[in-house]
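K.L.:
Pasting in a structure now, in structure tokens, and then I'll have a few things to ask.
The values are calculated or read from the model by the stated rules, or taken from the named source; none is laboratory data. Since the model is a prediction, treat every value here as computed from it, not as a measurement. Here Cβ is always computed from backbone atoms with ideal geometry, including for glycine, and neighbour counts include all displayed protein chains.
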Amino acid sequence: MSEATSVLLFFGLPGSGKGTLSALCTQHLSYEQLSTGNLCREHIAKRSEIGKQIDFAIQSGKLVDDSLITSMVLEWFTQNIAQKRVILDGFPRTAIQAQGLDEFVKKAQNLKPLLVQLTIAEDVVVDRLGARRTCSNRSCQAVYSLAEGSGLMPLVAGQCDTCSSALITRRDDETAAIKERLKLYRAHEQALLDFYAGAGYPKLQLEANRPIEQVFEDLKQHLVKI
Ligand code: AMP
């Protein structure tokens, strides 16, 4: 039988470090990442039909419709099924999305999902999101932080290290939208965790209020053991 595909499902508050951790996994562990947030922002930038439908939800920090986001993910997954290591960053966010993905996982077989839960206090992520800056180039979307000691400061102020585009504050990183995003995360958190407990998915919990390299180290240690 061919080697199973490892599927990491990153789950945690906005600002808990899912995107940065995903980037480390793609750079150092050959993972292929799908960030649903990045995918949505790409659609908006391209002004595609989907982009027009989801623009308002994204800017105001609300969630995109379950069936729309699930079909976007499953389409990506179908195209990338040959990958041996996959990260879903920011999906599923609701129990309905988790169900949609679970049906796909069961049909596809040979997929080995692991729920990676990043735990962190809400006041810490509020500060993190306020200090977050994102590359304005939609095909880059690298993430930086202006917070002292974050280790994520850009080398040149206001400029992306990778592609030199300007850094911006995402609309949904503004205070009102942050509050809405945290509220929505909390509203769906327990149902999602209950779904995964019932479905018997393995889960790894990582404390996220520490330097991201340490979080990554713990994840690596776990992945070599399974
Ligand atoms: P993120 O970059 O993961 O913080 O996502 C940014 C925004 O994209 C969210 O606030 C939602 O509006 C939308 N989004 C991303 N992933 C999902 C999802 N799984 N379900 C619904 N909306 C999503």
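K.L.:
Got a sec? Which helices (runs of 4 or more DSSP H) wholly within the stretch 7-60 have at least 2 residues that are in contact with a His (Cβ under 6 Å, 6 or more places away or on another chain)?
P.N.:
Details: elements: 18-29, 36-46, 49-59.
In the stretch 7-60, 49-59 are the helices (runs of 4 or more DSSP H) which contain 2 or more residues that are in contact with a His (Cβ under 6 Å, 6 or more places away or on another chain).
K.L.:
SER164 fails exactly one of the following numbered conditions: (1) of a type in the set (S, T, N, Q); (2) closer than 30 Å to GLY100 by Cα; (3) at pLDDT 95 or above. What is the number of that condition?
P.N.:
Single failed check for SER164: (2).
K.L.:
Sort out which residues of the stretch 163-196 are of a type outside the set (Ser, Thr, Tyr), over 17 Å from ALA57 (Cα atoms) and in a loop (DSSP other than H, G, I, E, B), and write them in order of number.
P.N.:
Of the residues in the stretch 163-196, the ones of a type outside the set (Ser, Thr, Tyr) are 163, 166-168, 170-174, 176-184, 186-195.
Those left that are additionally over 17 Å from ALA57 (Cα atoms): 163, 166-168, 186, 189-195.
If the condition is that a residue be of a type outside the set (Ser, Thr, Tyr), over 17 Å from ALA57 (Cα atoms) and in a loop (DSSP other than H, G, I, E, B), then CYS163 is the only one that fits.
K.L.:
Quick check on my filter: what residues within the stretch 84-100 are in contact (Cβ under 8 Å) with a residue 40 or more places away in the chain and buried (at least 16 other Cβ atoms within 10 Å of the Cβ)? Let's see the steps before the verdict.
P.N.:
Of all residues in the stretch 84-100, those in contact (Cβ under 8 Å) with a residue 40 or more places away in the chain come to 84-95, 98-99.
Within the stretch 84-100, ARG85, VAL86, ILE87, LEU88, ASP89, GLY90, PHE91, PRO92, ARG93, THR94, ALA95, ALA98 qualify.
K.L.:
For the stretch 121-162, which residues satisfy the criterion of being in a strand (DSSP E or B) and aliphatic (A, V, I, L, M)? I'd like the intermediate steps shown before the answer.
P.N.:
Taking the stretch 121-162 as the starting set, the residues that turn out to be in a strand (DSSP E or B) are 132-135, 143-145, 159.
Selection gives VAL143 alone.
K.L.:
Given the conditions (1) away from the ligand (no atom under 14 Å from the Cβ); (2) farther than 26 Å from VAL124 by Cβ; (3) among the hydroxyl-bearing types (Ser, Thr, Tyr); (4) touching a residue at least 24 places away in the same chain (Cβ under 8 Å), which single one is not true for THR78?
P.N.:
The single condition THR78 does not satisfy is (4).
K.L.:
Considering each residue of the stretch 85-118, count those that are more than 15 Å from the chain's Cα centre (by Cα), within 15 Å of the ligand (Cβ to nearest atom) and of a type in the set (S, T, N, Q), and give that number.
P.N.:
Adding up the residues that qualify gives 1.
K.L.:
Now for a different question. Select, from THR36, THR26, the only residue that is under 17 Å from the mean Cα position of the chain (by Cα) and within 8 Å of the ligand (Cβ to nearest atom). Walk me through how you get there before you give the answer.
P.N.:
Details: THR26 fails: within 8 Å of the ligand (Cβ to nearest atom).
Within the list THR36, THR26, the selection yields THR36.
K.L.:
Does ASN80 satisfy the condition of being under 24 Å from GLN141 (Cβ atoms), at pLDDT below 90 and in contact with a strand residue (DSSP E or B) (Cβ under 8 Å, 6 or more places away or on another chain)? Explain how you work it out, then say what you get.
P.N.:
On the way: under 24 Å from GLN141 (Cβ atoms): yes; at pLDDT below 90: yes; in contact with a strand residue (DSSP E or B) (Cβ under 8 Å, 6 or more places away or on another chain): yes.
So ASN80 passes the test.
K.L.:
With the checklist (1) within 12 Å of the ligand (Cβ to nearest atom); (2) out of contact with any Leu (no Cβ under 8 Å at 6 or more places or on another chain); (3) of a type outside the set (Lys, Arg) in hand, flag the one item MET72 doesn't pass.
P.N.:
Single failed check for MET72: (2).
K.L.:
Could you run through the stretch 84-116 and say how many residues are on the phi > 0 side of the Ramachandran plot and assigned to a helix (DSSP H, G or I)? It would help to see each step written out before you state the result.
P.N.:
First pass over the stretch 84-116, keeping only residues on the phi > 0 side of the Ramachandran plot: 90, 109-110.
If we keep only those that are assigned to a helix (DSSP H, G or I) as well, we get none.
Selection size over the stretch 84-116: 0.
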